[in-house]
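A.B. asks: Supplied in structure tokens, the structure appears directly below.
The values are calculated or read from the model by the stated rules, or taken from the named source; none is laboratory data. Predicted model only: the values in this text are computed from it and were never measured. Backbone-built Cβ (ideal geometry, glycine too); neighbour counts: all protein chains shown.
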Amino acid sequence: MLQTKDLTIRFGGHVAVNAVSCVFAPGTLTAIVGPNGAGKTTYFNLISGQLKASGGSVMLDGHDISSLGVSARTRAGLGRAFQLTNLFPNLSVFENVRLAVQATRRGKHRRGLNLWSIWSDHGALVQRTDEILATVAMQDKQDAVVASLPHGDQRKLEVALLIALESRVFMFDEPTAGMSVDEAPVILNLIRSLKNDPTKTILLVEHKMDVVRELADRIIVLHNGALVADGDPAEVIASPVVQQAYLGVNPEDADSDAAPAAAPVLNGGRT
Ligand SMILES: Nc1ncnc2c1ncn2[C@@H]1O[C@H](COP(=O)(O)OP(=O)(O)OP(=O)(O)O)[C@@H](O)[C@H]1O
Ligand SMILES: [Mg+2]
């Protein structure tokens, strides 16, 4: 279980994330929405350790991980998608996943779980690598050199590496941004399939409301760095705070012809 308690960061006089307290349970996908500059990416940066908080804490399974750096948090199970710097562009898809599986097992050995004797077995490494490639539907690309892959496949591979690293929390910040019409459904399907695993906690920052409606079990809304709504997707989308602040609908005008049509995105049309 992931939890933030009064998580806060100030940039000079500007409070970009303001005392956000929230619990994210395994087996749920929480969408984080809010207008541009609301603090969504900054909140992710604080959770993943890219930024150090000015106040408050990040807890994972009851342990305060606030003082850990990015790699220690990754080892603890926090997986921030599309921030990985450990794709090896000149190696194959298979080799990239196998190295991540191997590194994870070796890391466990170092931490004293004594699995090294089992996982040093090449056959077991290959088997686990095959399983992960099947999960992300990349078996047919396993021999491709990573540098030659289209953008969408590279992103799928990054998710495969998070699975190999045994991440329990998957954080996606606008996962389809910059993707072609063909590529976007592929990554959304992958997020959909991760949702089937009750041990995974998924956080998704997304402006496209059709995607949020379909995937989210819960929506939280950030506005000026603060958490202003949290709950069931239908209720949050219908709440006055979302209708008024992000969709430009004045509740008093809601029945009038003059009311602006609700836009299907929460950022005024930018994608
Ligand atoms: N490193 C930084 N230094 C100073 N200000 C920052 C820094 N990072 C973010 N901010 C500010 O914090 C606020 C929140 O930015 P953030 O990128 O988290 O918003 P966001 O909700 O992700 O927006 P978008 O939907 O456009 O991605 C903004 O006002 C931004 O300018
Ligand atoms: Mg952002």
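A.B. asks: Could you tell me whether the stretch 66-74 includes any residue that is assigned to a loop (DSSP other than H, G, I, E, B) and surrounded by 17 or more Cβ atoms within 10 Å (Cβ to Cβ)?
C.D. replies: Yes, some residue in the stretch 66-74 is assigned to a loop (DSSP other than H, G, I, E, B) and surrounded by 17 or more Cβ atoms within 10 Å (Cβ to Cβ).
A.B. asks: Considering the stretch 36-50 alone, what residues qualify as being part of a loop (DSSP other than H, G, I, E, B) and more than 7 Å from ligand 1 (Cβ to nearest atom)?
C.D. replies: Those that are part of a loop (DSSP other than H, G, I, E, B) and more than 7 Å from ligand 1 (Cβ to nearest atom): G49, Q50.
A.B. asks: A further question follows. Spot the failing condition for G69; the list is (1) on the phi > 0 side of the Ramachandran plot; (2) out of contact with any Lys or Arg (no Cβ under 9 Å at 6 or more places or on another chain); (3) away from ligand 2 (no atom under 16 Å from the Cβ), and only one is missed.
C.D. replies: (1)
A.B. asks: Right, another one. Going through the stretch 12-58 one residue at a time, which ones are on the phi > 0 side of the Ramachandran plot and either within 13 Å of ligand 2 (Cβ to nearest atom) or of a type in the set (A, V, I, L, M) (or both)?
C.D. replies: Scanning the stretch 12-58 gives A19, G34, G37, G39.
A.B. asks: Would you point out the residue of the stretch 98-110, among those that are under 26 Å from the mean Cα position of the chain (by Cα) and of a type in the set (K, R), that is modelled with the highest pLDDT?
C.D. replies: Applying the filter and picking the extreme gives R98.
Table: residues versus (1) closer than 10 Å to V93 by Cβ; (2) crowded, with 19+ Cβ neighbours inside 10 Å; (3) modelled with pLDDT of 95 or more.
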site	(1), (2), (3)
S117	no, no, no
D130	no, no, yes
K141	yes, yes, yes
V169	no, yes, yes
F172	no, yes, yes
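A.B. asks: In the stretch 126-159, how many are within 13 Å of A100 (Cβ to Cβ) and either of a type in the set (G, A, S) or in a loop (DSSP other than H, G, I, E, B) (or both)?
C.D. replies: Final tally of qualifying residues: 1.
A.B. asks: Would you point out the residue of the stretch 202-219, among those that are among the basic types (K, R) and at pLDDT below 95, that is farthest from ligand 1 (Cβ to nearest atom)?
C.D. replies: It comes out as R213.
A.B. asks: Cβ-Cβ under 6 Å, sequence separation 6+ or interchain: first residue in the stretch 35-59 and more than 11 Å from M171 (Cβ to Cβ), partner more than 13 Å from ligand 1 (Cβ to nearest atom) and polar (S, T, N, Q). Which pairs?
C.D. replies: S57/S66; V58/T4; V58/S66; M59/Q3
A.B. asks: Also: Quick check on the stretch 2-13. Is at least one of its residues buried (at least 22 other Cβ atoms within 10 Å of the Cβ), within 28 Å of L188 (Cβ to Cβ) and either in contact with a Cys (Cβ under 7 Å, 6 or more places away or on another chain) or in the same structural domain as A147 (by TED's automatic domain parsing) (or both)?
C.D. replies: yes
A.B. asks: Follow-up. Determine, yes or no, whether N96 is assigned to a helix (DSSP H, G or I), more than 16 Å from ligand 1 (Cβ to nearest atom) and more than 29 Å from E235 (Cα to Cα).
C.D. replies: Judged against the criteria, N96 is a match.
A.B. asks: Of all residues in the stretch 8-35, which are of a type in the set (A, V, I, L, M), more than 25 Å from V211 (Cβ to Cβ) and more than 11 Å from ligand 1 (Cβ to nearest atom)?
C.D. replies: Answer for the stretch 8-35, where residues must be of a type in the set (A, V, I, L, M), more than 25 Å from V211 (Cβ to Cβ) and more than 11 Å from ligand 1 (Cβ to nearest atom): just A19.
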